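Step one of this worksheet: look at the structure below.
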Amino acid sequence: MVDFIMGSQYHEVNLDEDPCIFPDCGHFITKTNMDGLMDLKAHYDMSAEEESSPVALSSSSMPFSMDEVKTCPSCRGSLRNIARYGRIIRRAILDEATKKFISWSHSEFLKLAEQLVDVQVGLATAKAPTAQQQQQTPPSTRMFSKGRVQQLQRVGDWVGNSRYKDAIRLWTQISALIGQVRKEEQPLQRVADHVRHATRHRRTTGAFAFDESELQAKGALQTSSLSLKCEIVIFADFMTIRQPLIASRPEINLDLTKAMKECENLIDMAKSAHYPREQTEGHIYLAQFCAFARTLTPEPSGSSTPAETSSEIRDKLKDQGTAHIVAARELVAQYSSILVLQPEIEAAEKMLRDAVFYTQVSPEEMRAVYQAMSREFSGTGHWYTCANGHPFTIGECGMPMEQARCPECQSAVGGADHRSVEGVRHADNIEALARDVNQMGI
């Protein structure tokens, strides 16, 4: 049967009036039937004549916007080879590639986060170094340095005994992951780059553009946050053990400006992408760096009169850190999903107020948080995006049975009786395309 509407066999069809489509699977179906199966009218403006054909794109192709993956009606075989339906099929394939990218980046983040907990436990239980355990380092490398990793290495050399070797190695691994999850590496961005290249190569008129808000920011945000957390673990330990070592160590000058600027970037990016957790973490970390900088602010040397006294600098840093503590508290009050960050806010406030450098969040509590996060994007269930574009999954039953909230921004994602609320898009098409995307080398 090639016409499922009329129930016609191949020999009963006038191919001049309604030709057949031949997928790779070997089955065939009339163009009219296949156009209806692919819902071509939903994706293209059709011509007015009886044998309508696509004449223009009807709307932009949105992520996770297809209701189902279209396949051969006889055997569910792939329709990828049919150029007429390429836009529809490739949109779904791109969704699957994006899903795999999200799952992979989330998994890699959790691995490094678990390692950071191990590093923190190791530092907490390690014996503090003594005056005889400093590594011999040329004097020129002990002085002022502004680079983030260079400063971590200076701190490690100053303390000695390879105390921060594992922590610094982990920081470099996190930095490498940041490069792998940035927007330029995402499937959608790569497709856009290929299109731009083809447009320039063919000298096509008109500029190509796409909505960059469709790019997934979560991976870059949480990995950037983790790199700052790793630095804070090192500096907090350094601040705890440094006092007994000062007499036996050369002077060390540190500038935390770049780390503080990275915190500001994290806050801005998380705010624009509607990720309150990472936004709150940025405020917390910036407050902690202010606390470190206050304690490390040197007294003026010699008879020179500085533009600002050390006391004035410390007061400014305290005011700056306090403002970020207030901002973090406001976000926690607004989003109940990030109440778990409350102990970190209190610890940062104590650092600013009393110069007490320890965390109130135990390694066990941190592991529990990461274990809960590991259940996200597990590959089971159905994929959706909330009104703010955040991807999330729901169990195998499909549409949620009750009202729920996006785990990132708390916008409504649930519904009732398996119906989602307005703004939520179902993305079950991407699960059926894993076989096709395995060849893409994501």
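The values are calculated or read from the model by the stated rules, or taken from the named source; none is laboratory data. This is a predicted model, so every value here is computed, not measured. All Cβ positions, even for glycine, are placed from backbone atoms using ideal geometry, and neighbour counts span all protein chains on display.
The rows are residues; the columns are (1) free of Cβ contacts under 8 Å to residues at least 40 places away in the same chain; (2) in contact with a Gly (Cβ under 7 Å, 6 or more places away or on another chain); (3) surrounded by 20 or more Cβ atoms within 10 Å (Cβ to Cβ); (4) in a helix (DSSP H, G or I).
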| residue | (1), (2), (3), (4) |
| --- | --- |
| 247 | no, no, no, yes |
| 261 | yes, no, no, yes |
| 271 | yes, no, no, yes |
| 279 | no, no, yes, yes |
| 282 | no, no, yes, yes |
| 285 | no, no, yes, yes |
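For beta carbons closer than 7 Å, sequence separation of 6+ or different chains, a first residue in the stretch 109-129 that is in a helix (DSSP H, G or I) and among the small types (Gly, Ala, Ser) and a second that is crowded, with 18+ Cβ neighbours inside 10 Å and modelled with pLDDT of 90 or more, the qualifying pairs are 113/226.
Filtering the stretch 8-53 to residues that are more than 46 Å from the chain's Cα centre (by Cα), over 14 Å from residue 74 (Cβ atoms) and either in a loop (DSSP other than H, G, I, E, B) or touching a residue at least 40 places away in the same chain (Cβ under 8 Å) (or both) leaves 13, 14, 15, 16, 17, 18, 19, 49, 50, 51.
Take the residues in the stretch 249-259 that are among the hydrophobic types (A, V, I, L, M, F, W, C) and in a loop (DSSP other than H, G, I, E, B); name whichever of them is modelled with the highest pLDDT.
256
Quick grid of which residues meet (1) out of contact with any His (no Cβ under 9 Å at 6 or more places or on another chain); (2) on the phi < 0 side of the Ramachandran plot; (3) surrounded by 14 or more Cβ atoms within 10 Å (Cβ to Cβ); (4) modelled with pLDDT of 85 or more:
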residue	(1), (2), (3), (4)
147	yes, yes, no, no
179	yes, yes, no, yes
182	yes, yes, yes, no
204	yes, yes, no, no
211	yes, yes, no, no
214	yes, yes, yes, no
226	yes, yes, yes, yes
241	yes, yes, yes, yes
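Restricting attention to the stretch 226-241, does a residue exist that is part of a loop (DSSP other than H, G, I, E, B) and either farther than 24 Å from residue 410 by Cβ or in contact with a Cys (Cβ under 6 Å, 6 or more places away or on another chain) (or both)? Steps first, please.
Residues of the stretch 226-241 that are part of a loop (DSSP other than H, G, I, E, B), as a first pass: none.
No, the conditions are met nowhere in the stretch 226-241.
Restricting the stretch 287-311 to residues that are surrounded by fewer than 21 Cβ atoms within 10 Å (Cβ to Cβ) and not in a loop (DSSP other than H, G, I, E, B), the residue that is modelled with the lowest pLDDT is 310.
Residues checked against (1) among the basic types (Lys, Arg); (2) surrounded by 12 or more Cβ atoms within 10 Å (Cβ to Cβ); (3) closer than 16 Å to residue 89 by Cβ:
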{"position": "6", "(1), (2), (3)": "no, yes, no"}
{"position": "11", "(1), (2), (3)": "no, no, no"}
{"position": "17", "(1), (2), (3)": "no, no, no"}
{"position": "22", "(1), (2), (3)": "no, yes, yes"}
{"position": "29", "(1), (2), (3)": "no, yes, yes"}
{"position": "43", "(1), (2), (3)": "no, yes, yes"}
{"position": "48", "(1), (2), (3)": "no, no, no"}
{"position": "52", "(1), (2), (3)": "no, yes, no"}
{"position": "55", "(1), (2), (3)": "no, no, no"}
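At pLDDT below 85 and farther than 26 Å from residue 287 by Cα: is that true of residue 190 in this structure? Taking the combined requirement at face value, the residue satisfies it. Taking residue 236, is it modelled with pLDDT under 95 and crowded, with 17+ Cβ neighbours inside 10 Å? It is true that residue 236 is modelled with pLDDT under 95 and crowded, with 17+ Cβ neighbours inside 10 Å.
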